[in-house]
Structures are given as C-alpha cells and as structure tokens.
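Note sheet for the following structure.
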Amino acid sequence: MLTRLKAKSERKLAKQICKVVLDHFEKQYSKELGDAWNTVRDVLISPACWQYAVLLNRFNYSFELEKNLHLKGYHTLSHGSLPYHPKSMQCYLSRTPDRMPSERHQIGNLKKYYLLNAASLLPVLALELRDGEKVLDLCAAPGGKSVALLQCADPGYLHCNEYDGLRFRWLKQTLESFIPQPLVDVIKVSELDGRDLGDAQPGTFDKVLVDAPCSNDRSWLFSSDSQKAACRISQRRNLPVLQIELLRSAIKALRPGGLLVYSTCTLSKAENQDVISEILNSYSNIIPVDIKEMGRTCSRDFTFAPTGQECGLLVIPDKGKPWGPMYIAKLKKS
C-alpha cells in the first residue's frame with residue numbers, strides 16, 4: 001500500500017515538471033556543470049527531498065522552539081567557523097527533509113521563525129553588516145534577506161526596495177511579521193526602479209545587497225503553463241542586461257570603501273560569473289573580494305561548484321545538502 005502511494009506521489013510530481021524548461025536546462029547545465037548536473041537535476045526535480053532551514057527571529061525568541069529543534073536533530077548553520085557569523089543570527093538545518101509548518105501573518109504579533117533555503121543566508125553573511133551602518137537591499141522582496149540582515153545587527157538605516165507592486169506588498173507584510181516597531185522606524189520601504197536608485201542616492205550606503213531578478217531554476221522547473229515557460233526561456237537572454245544595470249546603480253549608491261554583494265538563485269553562468277566579469281572589466285574602482293574561505297568553512301552544509309572566480313561562490317543542490325542554487329559574489333568600491 002505504502003509503495004503504491006509513494007509511486008502515485010512520484011507520478012504526480014513528475015507530471016508537474018515542465019518538460020520545456022527541463023530540456024532547456026539539460027542542454028545548458030550539462031555543459032556548464034558537467035557530471036555534477038546529473039545530481040543537481042535529481043534534487044531539483046524531487047521536491048520531496050527539498051528542505052527548509054529555520055531562521056529564528058531574535059525579536060520574538062522562543063526557548064521552547066529552539067529546544068524542540070534540537071530534539072528533532074536540527075543543527076545550527078556553521079556556527080563559529082565563519083569569519084563573520086553574529087551569535088544573534090540563529091539558523092537551524094535538518095539532515096532529513098523535515099518540514100516545519102509556516103506561521104500565519106497576524107497583525108500585532110511577531111513570528112518566531114522564517115523558513116528559507118539555507119543558501120539564502122550566505123549573501124547576508126558575506127555582507128558583514130555592523131551596527132549603525134547604512135544598508136540598501138535593492139531587490140528586497142519577499143523580504144527573507146532583509147529579515148536575516150536584521151538578525152545580524154541593528155543598522156543605522158535600512159532601505160528595502162522592490163519594484164514589482166505585488167512583491168512590494170509581500171515585502172511590507174514580511175517586515176511587519178518579523179520586525180518590532182522601534183526598528184521599523186529606521187527602515188525605509190520603497191517601490192522604485194532599482195536602476196534609478198543610484199542616481200537618486202549616490203554614495204549613500206556602507207553596504208548594498210543586490211539579490212537580482214533571475215531565472216529562478218526551482219520555480220521555473222514547475223511552471224504549469226508550458227507556453228509561458230517557453231516565453232520565459234526566450235526572454236532569459238535579456239536578464240543579464242537588467243542585472244548589470246542594477247549593479248551599476250548599486251555601485252553609484254555605494255560609498256567609497258563600501259561593500260557590495262550580488263546574488264541570484266540560478267545556476268546560469270550568463271547571469272552569474274559573466275555579469276560579475278562584465279562589472280569588473282568596466283570599473284577600475286571595483287575590486288573583487290576573495291570569499292573562498294566562506295566556501296571552505298561552509299562545506300559541511302553546502303556543496304559548491306567551481307566558478308573560476310575568487311570573489312564568487314555557487315551553491316549547487318546535492319543529495320543530503322539540497323540547498324541552492326545560489327550564486328554569491330562580493331565586491332568592494334575603492
């Protein structure tokens with residue numbers, strides 16, 4: 001009986017995979033990732049083995065929740081081994097596909113935890129946020145990385161921007177669900193075109209995060225409309241142009257000496273390494289920051305593919321480590 005149910009469940013999941021997208025990924029990623037693509041594909045097409053990390057909310061800490069996670073066999077994300085990992089940011093990972101239920105949004109009540117792909121925390125940690133700094137999260141929706149930044153430190157000013165109207169409302173709700181009123185007062189939430197923000201606020205920020213719009217591999221694989229999926233794929237080649245424009249704006253918004261982190265949730269070299277190479281070739285005052293050490297210290301929890309860049313890491317989904325895709329690149333403005 002259990003075997004029949006499992007087979008039925010697997011057939012149902014298999015039907016949901018968009019063949020147009022999978023075929024496109026097969027051609028591209030088998031070239032870019034080589035033999036590693038076979039394992040990555042097996043994880044991406046099997047949502048039953050996906051996991052969600054549990055990021056505790058320091059503004060509504062629950063000892064009972066933390067104790068319960070320990071009892072379930074969860075462990076903390078590389079605590080103490082990273083060059084920058086504030087104790088206030090507590091994220092728990094499971095070695096098995098255990099699913100915590102998501103909490104409902106209730107006005108006036110802060111949520112105790114945020115569920116996320118654990119690889120999403122690497123861009124946040126790479127930014128090395130300190131108390132009192134001015135920070136820009138240029139493409140902030142749905143708000144997970146903004147929430148994670150606020151687990152690390154108390155910025156002097158945090159500007160969360162999101163151009164898409166629907167995602168902008170989602171971002172606002174996320175912040176309301178996790179952040180207490182005194183901190184909300186130092187957060188600005190805007191609905192601007194990120195490409196214009198650098199001109200509007202030049203040299204303003206100590207740190208800038210550009211979690212760019214990208215061809216989100218996980219969600220694209222399960223597109224229900226194959227015509228829309230085919231249209232997305234044909235428009236995919238335009239994404240690096242947008243990503244480069246967003247980075248140019250971010251560089252303008254960054255003060256000299258400031259740090260910029262670029263991230264995507266795609267495996268695509270054109271949207272990752274090639275975008276960063278274009279930026280480095282275009283600016284004499286933008287310096288790559290070596291983050292290989294982050295890859296070494298996080299290898300217990302994540303699998304990385306070679307990027308050919310000291311300033312870039314690529315997390316690829318693996319069996320038992322289903323996190324990613326997530327590309328992270330770190331730059332400094334001189």
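The values are calculated or read from the model by the stated rules, or taken from the named source; none is laboratory data. The structure displayed is predicted, hence computed values, not measured ones. Cβ atoms come from the backbone with ideal geometry, glycine included; neighbour counts cover every protein chain shown. Accessible surface is based on the protein model in full, side chains and every heavy atom, while ligands, DNA and RNA are left aside. Shrake-Rupley method; radii C 1.70, N 1.55, O 1.52, S 1.80 Å.
Observations, loosely collected:
- Within segment 173-196, the set of residues being touching a helix residue (DSSP H, G or I) at 6+ places or on another chain (Cβ under 7 Å), polar (S, T, N, Q) and surrounded by fewer than 16 Cβ atoms within 10 Å (Cβ to Cβ) is empty.
- From the list Lys15, Lys19, Lys67, the lone residue that is modelled with pLDDT under 95, of a type outside the set (A, V, I, L, M) and out of contact with any helix residue (DSSP H, G or I) (no Cβ under 9 Å at 6 or more places or on another chain) is Lys15.
- Tyr52 meets the stated requirement of being closer than 28 Å to Tyr114 by Cα and hydroxyl-bearing (Ser, Thr, Tyr).
- For segment 214-231, residues that are of a type in the set (Lys, Arg) and buried (at least 20 other Cβ atoms within 10 Å of the Cβ) total 0.
- Remark: pairs (first residue in segment 184-200, in contact (Cβ under 8 Å) with a residue 60 or more places away in the chain; second residue of a type outside the set (A, V, I, L, M) and part of a helix (DSSP H, G or I); Cβ separation under 9 Å; 6+ apart in sequence or on different chains) = Leu197/Ser249; Leu197/Lys252.
- Selected residue (criterion: nearest to Glu271 (Cα to Cα)) from residues of segment 198-213 that are open to solvent by less than 40 Å² (accessible area, probe 1.4 Å) and under 21 Å from the mean Cα position of the chain (by Cα): Ala212
- Taking the criterion of being open to solvent by 10 Å² or more (accessible area, probe 1.4 Å), among the small types (Gly, Ala, Ser) and closer than 20 Å to Thr297 by Cβ, the only residue of segment 114-172 that qualifies is Ser120.
- Taking segment 179-282 and the strands (runs of 3 or more DSSP E) fully enclosed by it, the elements with 1 or more residues that are at positive phi are at 254-264.
- Qualifying positions in segment 42-59 - in a helix (DSSP H, G or I), within 19 Å of the chain's Cα centre (by Cα) and surrounded by 16 or more Cβ atoms within 10 Å (Cβ to Cβ): Val43, Leu44
- Every pair of residues 6+ apart whose Cβ atoms lie under 6 Å, when the first sits in segment 156-169 and is in contact (Cβ under 8 Å) with a residue 24 or more places away in the chain while the second is open to solvent by 40 Å² or more (accessible area, probe 1.4 Å) and in a strand (DSSP E or B): Gly156/Lys134; Tyr157/Lys134; His159/Lys188; Cys160/Val189
- Scanning segment 275-322 for residues that are of a type in the set (Phe, Trp, Tyr) and more than 25 Å from Arg237 (Cα to Cα) returns a single hit, Phe302.
- Hits in segment 290-334 (condition: open to solvent by less than 20 Å² (accessible area, probe 1.4 Å), in a loop (DSSP other than H, G, I, E, B) and touching a residue at least 60 places away in the same chain (Cβ under 8 Å)): Ile291, Cys298, Asp301, Phe302, Ile316, Pro317, Pro322, Trp323, Gly324, Pro325
- Complete set of residues in segment 87-113 that are open to solvent by less than 50 Å² (accessible area, probe 1.4 Å), within 21 Å of Phe59 (Cβ to Cβ) and either without any contact (Cβ under 8 Å) to a residue 40 or more places away in the chain or not basic (Lys, Arg) (or both): Ser88, Met89, Gln90, Cys91, Tyr92, Met100, Leu110, Tyr113
- Here segment 243-278 is the region considered, the condition is being open to solvent by 50 Å² or more (accessible area, probe 1.4 Å) and without any contact (Cβ under 8 Å) to a residue 40 or more places away in the chain, and the residue that is farthest from the chain's Cα centre (by Cα) is Glu278.
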